Amino acid sequence: MSKPTGLAAFTVRKTTSPEVAPGMEVPAPARRTRGKGPTVALTIRLPRAEWARLHQLAVAEGVSLQQLVLEGLSRVFTDRGLPGLTL
């Protein structure tokens, strides 16, 4: 099998193990810590003009951007006949 070149080389996972001297302990692999708690963070990207509109609406309504987004997503669920988000 030939070795991938160019951008395809980035998709191949390297499976080399670190050199360990005799008598040394092998470190345990790192455990996942993000996204395991009761709250999970989510990032969205908006054009600056749309973010400004959203921010102005939140200020005018006296609520946070978080609350506006949750209400909007909950409405998407209920419009489709599904239970809304628990706010």
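Only the coordinates and a few stated rules stand behind these numbers; no lab work does. Given the structure is predicted, the values throughout are model-derived calculations rather than measurements. All Cβ positions, even for glycine, are placed from backbone atoms using ideal geometry, and neighbour counts span all protein chains on display.
Exposed loop sites are taken as GluC sites (Glu not before Pro) in a DSSP loop (any state but H, G, I, E or B) with at most 14 other beta carbon atoms within 10 Å; the longest stretch of the chain without one runs 26-87. Remark: relative contact order (the chain) = 11 percent; criterion is Cα-Cα distance under 8 angstrom and separation of 6 or more residues. Shape index of the chain: Rg/Rh, with Rg the Cα radius of gyration and Rh the Kirkwood radius from the inverse mean 1/r over Cα pairs, equals 1.24. Helix 48-61 and the long axis of the chain differ in direction by around 50°, with both axes built from C-alpha atoms.
Distances between placed amide hydrogens fall under 5 Å for L85 paired with S74, all partners being 5 or more residues away or on another chain.
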